[in-house]
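What follows is a set of notes on a single structure, which appears directly below.
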Amino acid sequence: MGTDKKREMIEIALFVRAPILGHVKTRLAEEVGPTEALAVYTELLDRTIAAVVVACRERPDLAPVLWHLGEWPASSPLPTAIASNLRPQPNADMLGNLCALFCPDPNAPRRGVVAVGADHPAIVPADVLSAASLLDEADVSIGPAEDGGFWALGARVDIREALRTVPLGTGGALAALEHAVRSCGFSVRRGPTLWDIDTAADLRRWREEMHRGQRE
């Protein structure tokens, strides 16, 4: 890899919904109400943004970008490191937005891109760094989620055709994604496994783990 190639950035794309009442964590909101669901989502979002900002500070070749669905509210200020890097998601569906994210842009060359979700309470900067570092070894990096999905997806190649075969948002997404990517001839490495919060039971688990951590 030449010197110029090494200087190209890896974009860390926080793939999120704008924190708006009634528009986030709708499955959780059915059990705990939209107000609490928004509070939970906002805290998860803050944790994810903090993890990404710290990771990008540790590796200067990582560039944070917030890909948001919905207009970002003025009542939700962002850290300076990411406030100037906001990008609206262009489509209403997840597949369309992921394809837009991973579409090569000849006017803004980058070494790779890593999409990171905002539903994962245990995320730390090391997880983000792992997802990016795996692209030094493989064409694609995947951060598995306990529910059979994935919390991160990175690529230094065009994976749009593979994505179109994946049942996003299901318990089979991870297995289908890995199979599709390998079928395209790309190498894959898995990063750390995280879990997300979709139900009241998940929320209780988080609160119990936080309480346990405080006692320790």
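The values are calculated or read from the model by the stated rules, or taken from the named source; none is laboratory data. Everything quoted here is computed from the prediction, not taken from an experiment. Please note: Cβ atoms are built from the backbone with ideal geometry, for glycine as well, and neighbour counts cover all protein chains shown.
Selection of the range 54-86 for residues being farther than 18 Å from VAL124 by Cα, in contact (Cβ under 8 Å) with a residue 12 or more places away in the chain and of a type outside the set (A, V, I, L, M) yields ASP61, TRP67, HIS68, GLY70, GLU71, TRP72, PRO73, SER76, ASN85. When the residues of the range 133-164 are filtered to those that are part of a loop (DSSP other than H, G, I, E, B) and charged (D, E, K, R), the one that is surrounded by the most Cβ atoms within 10 Å (Cβ to Cβ) is ASP139. With respect to the conditions (1) over 24 Å from LEU38 (Cα atoms); (2) modelled with pLDDT under 95, PHE186 lacks only one, and its number is (2). Answer with yes or no whether ILE123 is at pLDDT below 95, within 18 Å of CYS56 (Cα to Cα) and hydrophobic (A, V, I, L, M, F, W, C). Taking the combined requirement at face value, the residue does not satisfy it. ALA115 meets the conditions (1) in contact with a strand residue (DSSP E or B) (Cβ under 6 Å, 6 or more places away or on another chain); (2) part of a loop (DSSP other than H, G, I, E, B) in every case but one. The failed one is (2). Regarding the range 16-26, can at least one residue be identified that is out of contact with any Cys (no Cβ under 9 Å at 6 or more places or on another chain) and under 22 Å from PRO125 (Cβ atoms)? Yes - at least one qualifying residue is present in the range 16-26. Taken over the range 165-216, the criterion of being more than 22 Å from ASP127 (Cα to Cα), surrounded by 14 or more Cβ atoms within 10 Å (Cβ to Cβ) and among the hydroxyl-bearing types (Ser, Thr, Tyr) is satisfied by THR199 alone.
Cβ-Cβ contacts under 7 Å between residues 6 or more apart (or on different chains), taken from a first residue in the range 167-192 that is under 14 Å from VAL157 (Cβ atoms) and without any contact (Cβ under 8 Å) to a residue 12 or more places away in the chain to a second residue that is of a type in the set (A, V, I, L, M, F, W, C) and part of a loop (DSSP other than H, G, I, E, B), are absent. A Cβ distance below 7 Å, combined with a sequence gap of six or more or placement on separate chains, defines the contacts here; from the range 97-121, residues that are on the phi < 0 side of the Ramachandran plot reach residues that are assigned to a loop (DSSP other than H, G, I, E, B) and among the aliphatic types (A, V, I, L, M) in the pairs PHE102/ILE159; ARG110/MET9; ARG111/MET9; ASP119/ILE197; PRO121/ILE197.
In the set ASP127, ASP93, ASP139, only one residue is acidic (Asp, Glu) and within 15 Å of ALA50 (Cα to Cα); that residue is ASP127.
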